[in-house]
Amino acid sequence: MIEFYNVRSKKKVQVSEEKVSKSVYTKKTKKGVERTRYAFKAVDDDGTKLTRFCSKADFDQHEGDLV
C-alpha cells in the first residue's frame, strides 16, 4: 500500500500497489541543468488524480508500469 494525500477530500488515502503507476518528470532550469523528479500516480475512488513524489531508490524498487 502506498499513501497519497487527496487534496479534494483533505485526507490521506491508501492505494494498493497494483493500481499505482510510475512517472518521470524532466525539466531544464534557467541555467541549462536538467532536473529529474520521480513520482507515483494513481486515481482515488472518487476520481481524484493522486501524485506522490519519491526518491529514485523508492522509484526503482517499485515494480509498477512507467507512464
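FYI, it's all coordinate maths here, none of it is from the lab. For clarity, every value in this text was computed on a predicted model and none was experimentally measured. Note: ideal-geometry Cβ built from the backbone for every residue, glycine included; neighbour counts use all protein chains shown.
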_Proximal charge balance of D65 [Cβ under 15 Å; K/R count +1, D/E count -1]_ = -1
*17 Å Cα-Cα reach of K11 towards lysines, excluding residues that sit fewer than 8 places from it in its own chain*: K41, K49
*asked:* Restricting to Cα pairs below 8 Å that are 6+ residues apart, what does the relative contact order work out to for the range 2-61? Please round to a whole percent.
replied: 28 percent
_Square roots of 5 times each gyration tensor eigenvalue, C-alpha, the range 2-61, largest first, Å_ = 25, 14, 9
*asked:* Just to confirm a number: summing +1 for Lys and Arg and -1 for Asp and Glu over residues other than K49 whose beta-carbon lies under 14 angstrom from that of K49, what do you get?
replied: +1
*Pick out, in residue order, every one of the GluC sites (Glu not before Pro) in the chain that is DSSP loop and has at most 13 other C-beta atoms within 10 Å; say none if there are none.*
E63
*For the chain, which trypsin sites (Lys or Arg not before Pro) are in a loop by DSSP, counting at most 11 other Cβ atoms within 10 Å?*
R8, K10, K30, K31
*Using the beta-carbon distance between D58 and V7 and R0 = 30 Å, what value does 1/(1 + (r/R0)^6) give for FRET efficiency, to the nearest 0.05?*
0.90
*Taking the Cα centre of the chain as origin, sum charge times position over the Cβ atoms of Lys and Arg (+1) and Asp and Glu (-1), and report the length of that vector in debye to the nearest 20.*
720 debye
*What 222 nm value per residue comes from the helices of the chain, counting each DSSP H run with n ≥ 4 as -39,500 (n - 2.57) and dividing by all residues, nearest 500 deg cm²/dmol?*
-2000 deg cm²/dmol
